[in-house]
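No lab work stands behind these numbers, since they all come straight from the coordinates. The structure displayed is predicted, hence computed values, not measured ones. Reconstructed Cβ throughout: ideal geometry from the backbone, glycine too, with neighbour counts over all protein chains shown.
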Amino acid sequence: MANILEFPLTRDQRGAKERLVKAMREFNAAVKFAAKTGLQVEVSQVRCYATYSVEPLTLVSVAANIPGKLPEFDGLEF
């Protein structure tokens, strides 16, 4: 079986990877805490396009609401 060698990451890529790992841990902890406090947490994916990428980027949208209540719409979208 052939060994697969990965190209080494640049300093910026390593930093970005570390930031994503930290952010995901914090995000997961926040979702768990919100659920423990009784909030209904909804997570969805949002596709967007950027000038620096041919492929669409996948972002995360999160809403935390009191179960059975509709969130107030403030008219802001990104």
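Once phi is turned into ³J(HN,Hα) by the Karplus curve 6.51 cos²θ - 1.76 cosθ + 1.60 with θ = phi - 60°, what whole-Hz value does each residue of the range 16-31 show in order, with x for glycine and proline?
Those phi angles translate into 5, 5, 5, 5, 5, 5, 4, 5, 5, 4, 5, 4, 4, 5, 5, 5 Hz.
Given the convex hull of the Cα atoms of the chain, what is a quarter of its surface area in nm²?
Computing the convex hull of the Cα atoms and averaging its projections yields 9.2 nm².
Which is farthest toward the positive dipole end of the range 11-65 among S53, A30, Q40, measuring Cα position about the Cα centre, with Cβ charges +1 (Lys, Arg) and -1 (Asp, Glu)?
Toward the positive end, the furthest listed residue is A30.
Under 18 Å from the Cα of K69, which lysines turn up, not counting those fewer than eight places away in the same chain?
Excluding near neighbours in sequence, the set is K36.
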